[in-house]
Amino acid sequence: MHFQELAHSLGLELDEFTALVALFLETSRADLDRLVTALENADADRVKELAHSIKGSAGNLGFSDLANEARQLEMNARNSNLSNAMGLIQILSEKLDLIDQVLSTYPIL
Amino acid sequence: MDTDNRLSILIVDDNPVNLKLLETILTKDGYRVFSAADGPSARKLAAHERPDLILLDIRMPEEDGFEVIKLLKKNAGTMAIPVIFLTGVSEIDAKLSGFELGAVDYITKPFHPREVLARVRLHLKLSIATNSMIASQAEKLKQITEAQAALLTTPAMQPEARFGVYYHALQEAGGDFYDVLAISQSIFGYFLADFSGHDIKTSYLTASVKALLKQNTSPVYQPLESMKMINDVLAEIMPEGKYLTACYARLNRKAKQMILINAGHPPMIYVPKQGQAEIMEMEGDVLGIFKDVYFGQRQMEVAAGDRFFLYSDGLIESLAEKNVWTQNLEIIRRACESVRDLPIETAPGEIAQILRPGAFQAEDDVVVMGVEI
């Protein structure tokens with residue numbers, strides 16, 4: 001996960017990209033919290049929406065692993081299957097932490 | 001109005017990361033960017049800022065992209081703005097519905113910034129090429145002035161313009177329209193127009209004409225140029241086959257010079273302080289149909305106390321049954337002459353009274369305007 005490469009492929013400067021990543025982490029973590037709540041309420045529609053949102057922004061920033069996991073969660077929720085949702089949320093959370101670690105190696109702007 | 005000449009783009013996406021990403025790449029590419037996270041605020045921004053292009057996410061909570069575009073297309077002020085949808089890969093139905101609702105294109109998510117830029121550029125170019133930019137300029141006018149333009153000026157509001165007016169409309173929004181423009185301290189413009197047919201909704205058109213007059217009659221333009229520019233925009237926005245006839249008198253009180261323009265309208269009447277009144281006959285095309293038009297123009301020296309009368313053809317129509325055109329003009333000429341001793345404020349009403357004693361049976365709108373040097 002080279003931020004420099006990801007930034008370059010998006011046509012962005014590194015600092016522009018890291019600013020986006022910071023925003024991405026913030027919103028995705030908030031989405032994860034909401035996902036947990038939605039799961040507690042067995043609200044498959046809401047799970048689907050939130051997973052879709054994470055998928056979209058992850059995909060656009062080039063975090064394809066994360067986008068794929070979110071996509072899996074969205075698909076399952078669409079089929080009202082929430083059996084493995086908690087596991088997927090856990091994976092998403094770990095992947096976000098990983099991105100956060102990489103981000104922390106760059107100077108805060 | 002701001003002076004920022006950059007092309008502007010409104011981005012609508014409920015996902016803050018996507019919104020920020022698009023904002024970053026579009027700003028970098030030189031666009032002025034407005035962002036909205038939901039439908040209602042997007043429509044508000046679109047109506048207020050009139051962006052040149054809108055990137056619209058389809059999937060949003062509450063008011064989705066389809067609903068947003070429907071409402072944008074219903075609003076005269078935003079209907080001409082090209083909309084590009086942002087949609088997921090698999091949403092074929094969404095893409096088709098988007099086109100049906102008037103979107104010009106879609107961009108599939110996840111999107112690549114270079115693709116977004118390429119499509120944005122393409123559609124801005126297309127939009128310019130197809131003149132929808134001109135149209136959207138005109139739409140802007142419509143919206144901005146809709147409220148205020150319903151208001152017709154009065155001699156009391158502009159005493160320095162020294163005019164009087166008689167206005168009788170069959171309906172709230174009549175087919176006749178007049179305006180008085182204070183172009184500079186000593187230069188005034190007097191405009192009177194008649195829209196063809198009452199079946200069309202003319203209220204927004206009168207608003208456009210009022211705004212166009214305001215914009216295109218600055219001292220740097222000759223009256224003929226002003227009328228041609230106004231005609232070009234009207235030709236874009238007038239409904240098919242509809243037009244207006246108009247006359248425009250621009251008076252320089254200091255230089256004692258009057259310039260008259262006629263666009264297919266009944267001739268103005270010149271009543272010198274002394275001597276016989278004169279029918280100012282001029283050829284001229286109507287406004288709002290063709291771009292390449294000819295208007296009659298006449299320039300003349302005037303003196304204090306001279307008067308000009310402008311009127312709509314409703315004034316003639318009440319006479320039409322009995323007489324031929326030239327006879328009617330002669331009747332009007334004499335009526336204008338006969339009110340010489342009345343103040344300019346009440347002269348137009350008296351002319352209408354002379355020519356149309358049964359004003360309540362009027363079958364057409366009537367407006368008579370008098371100007372005194």
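Coordinate-derived values only; no laboratory data. Because the structure is predicted, anything quoted here is derived from the model rather than measured. Cβ sites come from the backbone with ideal geometry, for glycine too, and all protein chains shown count toward neighbours.
Summarise the partner chain shielding of A:50-56 as one whole number: the mean count of Cβ atoms from other chains within 10 Å of each residue's Cβ. Numbers along the way, then the final one.
Values: counts 0, 0, 4, 7, 2, 4, 12.
Rounded to a whole number, the mean comes out at 4.
From the square roots a ≥ b ≥ c of the eigenvalues of the alpha-carbon gyration tensor of segment B:1-118, which class results: rounded (a/c under 1.5), prolate (a/b over b/c), or oblate? Taking the square roots of the gyration eigenvalues as a ≥ b ≥ c, segment B:1-118 is oblate. Here the sum of -39500 (n - 2.57) over DSSP H runs of 4 or more residues, divided by the residues of chain A, equals -27000 deg cm²/dmol at 222 nm, to the nearest 500. Taking label points 7 Å from Cα along the Cα-to-Cβ direction, B:Gln158 and B:Asp93 give a separation of 5.7 nm.
Which GluC sites (Glu not before Pro) in segment B:321-351 sit in a loop by DSSP (not H, G, I, E or B) and have at most 13 other Cβ atoms within 10 Å of their own Cβ?
Details: sites: B:Glu321, B:Glu330, B:Glu337, B:Glu345, B:Glu350; in loops: B:Glu321, B:Glu345.
Those that pass, being in a loop and sparsely packed, are B:Glu321.
Ordering of B:295-301, B:308-314 by packing is B:308-314, B:295-301, highest average first (other Cβ atoms within 10 Å, averaged per residue).
The distance from the alpha carbon centre of segment B:271-336 to that of segment B:37-80 is 47 Å, rounded to a whole number.
Shown in residue order for segment B:76-85 are the 3J(HN,Hα) couplings computed by the Karplus curve 6.51 cos²θ - 1.76 cosθ + 1.60 at θ = phi - 60°: 4, x, 10, 5, 8, 7, x, 10, 10, 7 Hz (x for Gly and Pro). Shielding by partners for peptide B:17-26, expressed as the average number of C-beta atoms from other protein chains within 10 Å of each residue's C-beta, is 6.
The phi-based Karplus calculation (6.51 cos²θ - 1.76 cosθ + 1.60; θ = phi - 60°) puts the 3J(HN,Hα) values of segment B:180-193 at 10, 10, 8, 7, 8, 4, 10, 10, 10, x, 10, 10, 9, 9 Hz, whole numbers, x for Gly and Pro. Counting Lys and Arg as +1 and Asp and Glu as -1 over every other residue whose Cβ lies under 13 Å from the Cβ of A:Ala58, the net charge comes to +1.
Sort segment B:1-56 into rounded, prolate or oblate with this rule: let a ≥ b ≥ c be the square roots of the eigenvalues of the Cα gyration tensor; rounded if a/c is under 1.5, and if a/c is not under 1.5, prolate when a/b is larger than b/c, oblate otherwise. Spell out each step's value before the answer.
On the way: a/c = 2.53, a/b = 1.14, b/c = 2.22.
The shape class here is oblate.
For the residue pairs B:Lys74/B:Lys214; B:Lys44/B:Lys125; B:Lys28/B:Lys214, the C-alpha atoms sit more than 32 angstrom apart in B:Lys28/B:Lys214. Shielding of peptide B:107-114 by partners, expressed as the average count of other chain Cβ atoms within 10 Å per residue Cβ, is 4. Pairs with C-alpha atoms separated by more than 20 Å, drawn from the list B:Lys228/B:Lys256; A:Lys48/B:Lys109; B:Lys20/B:Lys109; A:Lys55/A:Lys95; A:Lys48/B:Lys70, are B:Lys228/B:Lys256; A:Lys48/B:Lys70. With K and R counted +1 and D and E -1, the other residues having a Cβ less than 9 Å from that of A:Ala7 yield a net charge of -4.
Residues in segment A:98-107 carry Karplus couplings, in order, of 4, 5, 4, 4, 5, 4, 5, 7, 9, x Hz; the curve used is 6.51 cos²θ - 1.76 cosθ + 1.60 with θ = phi - 60°, and Gly or Pro positions show x. Among B:Thr153, A:Thr37, the ranking by other beta carbons within 10 Å of each residue's beta carbon, starting with the fewest, stands as A:Thr37, B:Thr153. Using only the Cα atoms of segment B:186-321, build the gyration tensor, take square roots of its eigenvalues as a ≥ b ≥ c, and label the shape rounded, prolate or oblate: rounded if a/c is under 1.5, else prolate if a/b is larger than b/c, else oblate. Here segment B:186-321 falls in the oblate category.
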